[in-house]
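Data block below; observations after.
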Amino acid sequence: MMDVSSKVRIEDILDRVEQYLPDADGELLRHAYVFAANRHRGQVRRSGEAYLIHPLSVAWVLAEMELDEVAIAVGLLHDILEDTPTTQEEMELEFGPVVTRLVVALTKISSFESNFSSREATEAENFRRLLLASTDDVRVILVKLADRLHNMRTLKYLKRDRQVAIARETLDIYAPIANRLGIGSIKWELEDLCFQYLYPREAERLSRAMQERTKSAGRWFGELQTVIEEILKANRIDGEVYGRVKHLYSVWQKQRRQEVGIESIFDFLAFRVIVGSVSECYAALGLIHQKWPPVPGRIKDYIAIPKPNAYQSLHTTVIGPEGHPFEIQIRTRQMHEIAEHGIAAHWNYKEHGSTPVGDSRIAWLRSLLDTTKGSSPREFLDSLKVDLYPDEVYCFTPKGDVLSFPRGATILDFAYRVHTQIGHHCVGGTVNGKWVPLRTKLTNGDIVEISTSPQQTPNHDWLTIAAAARSRSKIRAWLRKEEKIRAIEVGKKLLEREFQRAGSSWKRWSGSDGIAELLKNHGLMKEDDLFAAVGFGKLAPQVVSAFVLGQDKPEGRGLSLVGAGKAVPAEAAPVLEVTGDSDFLVYLAKCCNPVPGEEIIGFVTRGKGVAVHAKSCPNVRNLLYHPEREIEVRWAQGTFEGKAPRARVALDMKYQDRPGLLMAASHAVSSEGSNIVSCNLQTEEGGLGAVTMTVEVRDKDHLSRILDKLQNVEGMLQVERRGLARRGEP
Ligand code: MN
């Protein structure tokens, strides 16, 4: 791999391509290079280098993956439409339709062109477009990954908050996508880079520990390698043995999972044996097990059952000298190639077209996009994250078919995989012959049989039981349908009651011209839709009766929503706006009391308007089960110009009592220009104490500075904002 700091030249790329693709169209690459150099002329990256370094580096990554010249040309041109005045028509003329189509797919739509007003939603939508284009031509996602890889390699030039945001997104989405497409080399590098930016101290500590131990135990490890080599040689197996340092991030994850430190070098050094054929893989495994006993339950045969990303290998952990367990992976050269380059391995675009037909990795992408069709951008991202979860479990049907599931999947997921109706009516099942309930987690090798009952139907809890995106989207669809039926019932009752109160009856007006006109005014098709609108709290029954019976509109807060003009309580007025519709009554939810600048989300409540919660509020999790009630809200501009009143936030703190602690805490607050509104403290036995403090804050940044200061007060053990998850937890 070329050093990050060294400058890639177009000649390097041409030479590299020449090696693996002798009849590649070098002209296309030169043309793309000259064009990109012209268009990006004068542009500078944050690093101070010429912008052109970036597309060149991206192209180099693609050449290392041994992709065709079209992909590499697209790498050189990928930022042209987004960052220079070049038009699509110009590109078509210069490079033809294929290259242009790919570059267009890599160009983000800006929030101006987007149907979504929040940045997050626009980003999610951009990502969905990108994946959709990738199912037509897999080179789209490969260029995007190379782009992200170079951006991560040069992340140090950005400001800290951008570093964290980009690293987070990369770790949540791009690294798992690389994994899902089987591109191990990119996945590992992305993860290790993200780790260093997201957890700098842990990364530093771990990498130092690993370096020290590698140094001190290197010789011993070299001897083991020789032993394995001799075993192969003595049995006439032609193969190579590599000792390798495991990737930082994977070591860290393992440590966290098992809650152990690095005990020995075997926690981060491992061996890889590369041989010529599948039968040699098994032979080598057997020979190694004769030398050192395997740890039961740690032998994994990904050759017989490949991972869904097509990864194949044998894994085993054996008890080595002095009882230290260590890991060995055994695979053929071809399997190794696939493990490193995944879907990009030996792909001949000229012969096979732009996407591998029938490839399970692309099939996965397609099915994900299908199951999330019509979902909101947030739902899409959530489903994606769940599906990208790296580990899978394999289970069997009673007939012996293998099904794979994301780790954490349950009996319910299994039922939905068999058939949607089986899922909807599932009451539990048997695992290896033993009865188990719905939420039982699947483990590798389980033989599962599902039981159903016609009386059983899905409920909201099921969304917490099911782990796979597919089952969740099926449950959601069912609930949505069911919820509409219920809203119709509720709405109808509310209207009947309202008309009765007004001295009339709904029956008399049903089907009348007045109702027809009201439906038309609100863009509703039939009376059921009207009932649903009332039931969901989008339309107040009083508005309906006033319109139909010709009375004045009723007064009162919280009664008039849609179509009743502005009805916003004074205290909230300048603070919040509902996107695209200013007629909603908006208020801050009491449970979390969000602070200006914080990420927020609105929900239409029955008859009370729009409740605005902090996204991190625990109640939001439940409210998300009603996606049809979700509505986009944002902080009004005036909020940040000092026009809005300060928000009051309750903080719960735990501390080790010491003289002057409270004074230090109050100083921390006042040094940020904030006031303490109230303070309540309690010292318990052993000098441990708890204090609840209400402070005034301007916005989210102000709050986080105050929290930081308090956290740093000597003796302070924990500072939490009341009602929300603890700071620092995802
Ligand atoms: Mn780029």
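The values are calculated or read from the model by the stated rules, or taken from the named source; none is laboratory data. Everything numeric here is computed off the predicted structure, so don't read it as measured data. Cβ atoms come from the backbone with ideal geometry, glycine included; neighbour counts cover every protein chain shown.
Please enumerate the residues belonging to the range 596-642 that are at pLDDT below 70, touching a His at 6+ places or on another chain (Cβ under 9 Å) and polar (S, T, N, Q).
Asn622
Every residue in the range 128-138 that is more than 15 Å from the ligand (Cβ to nearest atom) and part of a helix (DSSP H, G or I), please. Give the steps one after another, and end with the answer.
Filtering the range 128-138 for residues more than 15 Å from the ligand (Cβ to nearest atom) gives 128-129, 131-138.
Arg128, Arg129, Leu131, Leu132, Ala133, Ser134, Thr135, Asp136 - these are the residues of the range 128-138 that are more than 15 Å from the ligand (Cβ to nearest atom) and part of a helix (DSSP H, G or I).
Quick one: in the range 94-115, which of the residues that are modelled with pLDDT under 80 and surrounded by fewer than 17 Cβ atoms within 10 Å (Cβ to Cβ) is nearest to Phe380 (Cα to Cα)?
Quick first cut of the range 94-115, residues modelled with pLDDT under 80 only: 109-115.
Cutting the leftovers down to surrounded by fewer than 17 Cβ atoms within 10 Å (Cβ to Cβ) gives us 109-113, 115.
Details: Ile109: 18, Ser110: 19, Ser111: 18, Phe112: 21, Glu113: 20, Asn115: 15 Å.
Checking each candidate, the answer is Asn115.
Out of the helices (runs of 4 or more DSSP H) lying entirely within the range 484-551, which hold 1 or more residues that are outside the structural domain of Phe603 (by TED's automatic domain parsing), out of contact with any strand residue (DSSP E or B) (no Cβ under 7 Å at 6 or more places or on another chain) and closer than 23 Å to Val610 by Cα?
On the way: elements: 506-509, 513-521, 527-535, 541-549.
Where helices (runs of 4 or more DSSP H) fall fully within the range 484-551 and carry at least 1 residues being outside the structural domain of Phe603 (by TED's automatic domain parsing), out of contact with any strand residue (DSSP E or B) (no Cβ under 7 Å at 6 or more places or on another chain) and closer than 23 Å to Val610 by Cα, they are 513-521, 527-535, 541-549.
Here is a check on your reading of the model: is Val104 within 16 Å of the ligand (Cβ to nearest atom) and in the same structural domain as Ala32 (by TED's automatic domain parsing)?
Details: within 16 Å of the ligand (Cβ to nearest atom): yes; in the same structural domain as Ala32 (by TED's automatic domain parsing): yes.
Yes.
Listed residues Ile328, Ile228; which is under 26 Å from Leu190 (Cβ atoms), more than 29 Å from the chain's Cα centre (by Cα), not polar (S, T, N, Q) and not in a loop (DSSP other than H, G, I, E, B)? It would help to see each step written out before you state the result.
On the way: Ile228 fails: under 26 Å from Leu190 (Cβ atoms).
Within the list Ile328, Ile228, the selection yields Ile328.
Can you tell me which residue within the range 672-726, out of those that are in a helix (DSSP H, G or I) and of a type in the set (Gly, Ala, Ser), is surrounded by the fewest Cβ atoms within 10 Å (Cβ to Cβ)?
So the residue we want is Gly686.
Residue under question is Arg30, and the condition is that it be modelled with pLDDT of 90 or more, closer than 21 Å to Val138 by Cβ, out of contact with any Ser or Thr (no Cβ under 9 Å at 6 or more places or on another chain) and basic (Lys, Arg); does it hold? Talk me through it step by step, then tell me what you get.
Numbers: modelled with pLDDT of 90 or more: yes; closer than 21 Å to Val138 by Cβ: no; out of contact with any Ser or Thr (no Cβ under 9 Å at 6 or more places or on another chain): yes; basic (Lys, Arg): yes.
Criteria not met by Arg30.
Looking only at residues that are among the basic types (Lys, Arg) and part of a strand (DSSP E or B) in the range 394-441, which one is farthest from the chain's Cα centre (by Cα)?
So the first thing to find is which residues in the range 394-441 are among the basic types (Lys, Arg), and the list is 399, 407, 417, 434, 439, 441.
Subset that is part of a strand (DSSP E or B): 434, 441.
Values: Lys434: 35, Lys441: 22 Å.
Step by step, filter the range 394-441, then rank; the result is Lys434.
From the list Glu482, Glu517, Glu496, which one is in contact with a Ser or Thr (Cβ under 9 Å, 6 or more places away or on another chain), modelled with pLDDT of 80 or more, farther than 30 Å from Asp370 by Cα and charged (D, E, K, R)? Quick ask: steps written out before the conclusion?
Numbers: Glu482 fails: farther than 30 Å from Asp370 by Cα; Glu517 fails: in contact with a Ser or Thr (Cβ under 9 Å, 6 or more places away or on another chain).
Selected residue: Glu496, the only one of Glu482, Glu517, Glu496 that is in contact with a Ser or Thr (Cβ under 9 Å, 6 or more places away or on another chain), modelled with pLDDT of 80 or more, farther than 30 Å from Asp370 by Cα and charged (D, E, K, R).
Which residue pairs have Cβ atoms under 8 Å apart, sit 6 or more places apart or on different chains, and have a first residue in the range 59-84 that is touching a residue at least 40 places away in the same chain (Cβ under 8 Å) and within 12 Å of the ligand (Cβ to nearest atom) and a second that is of a type in the set (Val, Ile, Thr) and in a loop (DSSP other than H, G, I, E, B)?
Qualifying pairs under 8 Å: Ala59/Val8; Ile80/Thr86.
Can you tell me which of (1) in contact with a helix residue (DSSP H, G or I) (Cβ under 8 Å, 6 or more places away or on another chain); (2) farther than 20 Å from Arg476 by Cβ; (3) in contact (Cβ under 8 Å) with a residue 24 or more places away in the chain; (4) not basic (Lys, Arg) is the one Leu412 doesn't meet?
That leaves (2) as the condition not met.
Which of the residues belonging to the range 43-58 are more than 13 Å from the ligand (Cβ to nearest atom) and either surrounded by 16 or more Cβ atoms within 10 Å (Cβ to Cβ) or not polar (S, T, N, Q) (or both)? Don't jump to the end; show me each part of the working.
First, the residues of the range 43-58 that are more than 13 Å from the ligand (Cβ to nearest atom): 44, 47-50.
Those that are more than 13 Å from the ligand (Cβ to nearest atom) and either surrounded by 16 or more Cβ atoms within 10 Å (Cβ to Cβ) or not polar (S, T, N, Q) (or both): Val44, Gly48, Glu49, Ala50.
Going residue by residue through the range 222-231, is there one that turns out to be away from the ligand (no atom under 16 Å from the Cβ), of a type in the set (Gly, Ala, Ser) and surrounded by fewer than 17 Cβ atoms within 10 Å (Cβ to Cβ)? If you could, list the steps in order and put the result at the bottom.
So the first thing to find is which residues in the range 222-231 are away from the ligand (no atom under 16 Å from the Cβ), and the list is 222-231.
Narrowing the set further to residues that are of a type in the set (Gly, Ala, Ser) leaves 222.
Now narrow it down to the ones that are surrounded by fewer than 17 Cβ atoms within 10 Å (Cβ to Cβ): 222.
Among the residues of the range 222-231, at least one is away from the ligand (no atom under 16 Å from the Cβ), of a type in the set (Gly, Ala, Ser) and surrounded by fewer than 17 Cβ atoms within 10 Å (Cβ to Cβ), which makes the answer yes.
May I ask you to list the residues in the range 139-164 that are within 16 Å of the ligand (Cβ to nearest atom), aliphatic (A, V, I, L, M) and surrounded by fewer than 20 Cβ atoms within 10 Å (Cβ to Cβ)? Explain how you work it out, then say what you get.
Applying the first criterion (within 16 Å of the ligand (Cβ to nearest atom)) to the range 139-164 yields 139-155, 157-158, 162.
Keeping just the survivors that are aliphatic (A, V, I, L, M) gives 140-143, 145-146, 149, 152, 155, 158.
Residues satisfying the conditions are Leu155, Leu158.
Condition first: under 20 Å from Gly342 (Cα atoms), away from the ligand (no atom under 16 Å from the Cβ) and charged (D, E, K, R). Can you find one or more residues in the range 21-36 that meet it?
Step one: of the range 21-36, the residues under 20 Å from Gly342 (Cα atoms) are 21.
Among the residues that remain, those that are also away from the ligand (no atom under 16 Å from the Cβ) are: 21.
Filter once more, keeping what is charged (D, E, K, R): none.
No: zero hits.
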